[in-house]
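Read the structure below first, then the notes.
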Amino acid sequence: MKIKQVVEKEFVHVEELIEASGEGLWKMYPDGEVVFYNKEFYKIIDIDPQKAMIDDWIRLIHPEDTKQFSENLTEHISGELSRFTSQYRIKSKMGDYIWIEAKAAARYDEKGQFLYMVGSHMNITKRKEYEKMVHDLAYKDQLTGLYNRQKLSEMMKSENSSYRILYMNLSKFRMINDTYGYEAANRVLKLFAEALLAVFDSPEHVFRVDADEFAIVLVGSYSDENIKRLIKHFTLGFKELIYAFINGLDINLYMGLSLPSEGKDENLLEQAKWAGLYAKRKELDYCVIYNAEIKEETERGLFMELGIRKGLKTNEFFMVFQPIYKKGGRAIAFYESLMRWESREYGKISPDEFIPVAEKTGDIVDLGYFAIQQSVEMIKFLHEELKHEVPMSINLSVLQLLDNQFVSNACKMIDEAGISRRWIIFEITESFALESNQVARKALNELNSMGFQVALDDFGSGYSSMTILLQLIFSKLKIDKELIWKAHQDKEVETFIKALTYLCHSKGIEVVGEGIETIHMSKNCQNMGIDYEQGFYYSKPLGQREIFEQFIN
């Protein structure tokens with residue numbers, strides 16, 4: 001009782017100061033009794049300021065903060081901490097939580113025994129709300145509420161546990177934005193985040209890292225099978241949400257998974273993204289696990305998607321010309337103009353690799369005009385310098401024919417060069433696309449009516465349609481090398497080609513055999529009635545200098 005009287009006397013003037021400051025003042029005795037001063041401050045807390053025990057106060061503290069508070073208090077009473085400041089949440093009379101900053105100092109007797117503790121409380125809820133707002137602006141995506149790339153980057157720098165990163169990219173997101181509008185696209189992203197949090201239930205481990213890209217940090221030991229189950233669960237949940245929002249909307253996901261890390265590995269997101277990009281390029285509907293080969297292949301593909309246009313500007317593309325001989329190799333009938341790419345970064349890149357990429361990106365149109373320009377210059381060189389007047393065959397893509405300016409632009413380029421249109425043979429491969437696309441067929445017929453020759457290339461490879469051969473006007477048919485090789489070994493295939501050649505000749509179509517590599521294949525072509533032969537047996541594709549040297553020698 002004596003101790004309490006002393007403390008009460010000391011608080012007479014201090015209490016007045018505390019009331020004026022708006023803070024709460026408290027004292028605690030060894031038996032756990034707590035007296036609170038400044039009733040105005042404590043009126044929002046469901047506690048009796050005059051008849052409270054420390055356990056009553058602890059029961060009001062947020063469960064996540066209770067342990068730290070109790071540990072600080074114990075250390076302070078025992079003398080391990082002479083003073084301490086702590087911040088925690090405490091429940092108000094309204095049932096919500098307010099943030100308190102508590103400062104405390106303890107007094108001890110000459111034997112070190114605890115006598116009492118005094119301290120203050122300050123309501124710092126507004127300060128915490130402001131700090132949270134600043135934190136969220138820096139680390140949270142404002143649309144979905146998920147953490148952002150910056151937060152993920154900091155986590156990867158500090159994480160000490162084993163973890164992997166799962167990367168997800170939504171397909172068709174731009175289409176959703178264009179078709180259904182900006183608000184609908186945002187709603188899809190919110191639903192995606194909702195579905196993620198329903199399966200990966202640690203919000204601090206789920207991130208939106210770009211417009212339609214998300215990452216999940218999988219902390220601990222996750223087997224590949226376990227991850228697959230989680231992905232399946234998530235995918236089903238997300239599709240249910242999407243169907244409820246827009247019936248019939250189908251969104252695929254491209255997913256990549258990093259290798260495991262023992263912590264603090266900033267390369268994991270890059271690994272997961274490379275694997276996801278690989279899945280996207282291959283249009284795979286399952287999660288791809290990263291390896292070095294995947295990165296190399298994807299990196300090369302991305303380079304081509306961006307590098308074709310640049311390569312045209314920096315003269316990395318050029319043309320070579322393969323002679324096509326009359327039957328038996330008696331003379332050169334015409335040349336096929338073939339495109340090559342010598343990349344400064346990757347060296348020689350095969351047309352089989354870069355042409356499909358160019359068709360995907362739309363760069364095939366510009367490559368086509370480049371091929372025409374270079375071929376025209378070669379024709380002029382052959383005619384003017386070597387007095388060698390032969391046509392030039394140029395490959396076309398159906399995508400070029402779909403460009404409504406192509407026919408007029410091609411005519412303009414040929415006419416301005418001052419050469420006859422009959423010296424140009426346009427070769428088209430995609431017979432299936434021609435059969436199903438009226439625009440491309442119309443363009444091909446226009447080229448024929450304007451004086452160009454038109455050839456059907458690679459007949460016998462993939463989808464080859466006899467219907468197209470009968471419906472469109474071709475001057476030449478090129479039989480694919482695979483079919484020529486089979487005819488050299490299989491009498492039934494040889495009979496088929498003989499019949500095909502007969503049909504072509506009846507329609508005024510000349511036939512070219514591709515891939516001739518031996519004298520026996522050449523003789524077999526002649527026996528089948530084929531008009532022209534092309535292949536390494538006669539000549540590889542040549543540059544302008546090689547053709548010049550061939551003629552002068």
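The table below lists the values:
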{"quantity": "Where only C-alpha atoms are counted, convex hull volume of the range 24-66 per residue in Å³", "calculated": "73"}
{"quantity": "From the coordinates shown, percent of Cα pairs over 44 Å apart corresponds to which of [x] 49; [y] 36; [z] 17", "calculated": "[x]"}
{"quantity": "Charged-residue dipole, Cβ positions (Lys, Arg, Asp, Glu), the chain about Cα centre, Debye nearest 20", "calculated": "680"}
{"quantity": "Among F354, Y243, A105 - extreme Cα towards positive end, dipole of the chain, charges at beta-carbon", "calculated": "F354"}
{"quantity": "Accessible surface, the range 391-456, averaged per residue in Å² (probe 1.4 Å)", "calculated": "41"}
{"quantity": "Unsatisfied cross-links (Cα-Cα over 23 Å) in the set K128/K157; K190/K273; K126/K190; K132/K190; K91/K128", "calculated": "K128/K157; K126/K190"}
{"quantity": "Whole-angstrom Cα spans of the range 327-375 along principal axes, big to small", "calculated": "41, 23, 17"}
{"quantity": "Calculated from backbone phi, Karplus (6.51, -1.76, 1.60) coupling profile of the range 307-323 in Hz, x at Gly/Pro", "calculated": "x, 5, 4, 5, x, 5, 6, 9, 6, 7, 8, 8, 10, 10, 9, 9, x"}
{"quantity": "Among S375, A417, S449 - extreme Cα towards positive end, dipole of the range 361-484, charges at beta-carbon", "calculated": "S449"}
{"quantity": "Area of C411 that stays accessible when all protein chains are in place (1.4 Å probe, Å², to 10)", "calculated": "10"}
{"quantity": "Positive-pole candidate from L137, F334, G220, dipole of the chain, charges at beta carbon", "calculated": "F334"}
{"quantity": "Karplus-derived HN-Hα couplings along the range 109-123 (A = 6.51, B = -1.76, C = 1.60, θ = phi - 60°), whole Hz, x at Gly and Pro", "calculated": "7, 5, 8, x, 7, 5, 9, 6, 10, 10, x, 10, 10, 10, 7"}
{"quantity": "Percent carbon-and-sulfur accessible area, the chain, ignoring ligands, DNA and RNA, probe 1.4 Å", "calculated": "50"}
{"quantity": "Rounded to the nearest 20 debye, dipole of the range 39-84 from Cβ charges on Lys, Arg, Asp, Glu", "calculated": "180"}
{"quantity": "Amide H partners (placed H, <5 Å) of V511, local residues excluded", "calculated": "L477, D531, Y532"}
{"quantity": "Unit charges on C-beta of K, R, D, E only; dipole of the range 370-457, Debye", "calculated": "200"}
{"quantity": "Equivalent ellipsoid semi-axes - Cα gyration tensor, the range 98-199, angstrom", "calculated": "48, 19, 11"}
{"quantity": "Normalised contact order of the chain, rounded percent, pairs of Cα under 8 Å and 6 or more residues apart", "calculated": "8"}
{"quantity": "Derived scalar couplings ³J(HN,Hα) [the range 172-182; Karplus, 6.51 cos²θ - 1.76 cosθ + 1.60; whole Hz; x for Gly, Pro]", "calculated": "6, 5, 5, 4, 4, 4, 6, 7, 9, x, 4"}
{"quantity": "Residues whose placed amide H lies under 5 Å from that of M53, excluding near-sequence neighbours", "calculated": "V34"}
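The values are calculated or read from the model by the stated rules, or taken from the named source; none is laboratory data. Because the structure is a prediction, the values reported are computed rather than measured. Glycine also receives a Cβ, built like all others from the backbone with ideal geometry; neighbour counts cover every protein chain displayed. In case anyone asks, the SASA skips ligands and DNA or RNA and just uses the protein heavy atoms, side chains included. Shrake-Rupley method; radii C 1.70, N 1.55, O 1.52, S 1.80 Å.
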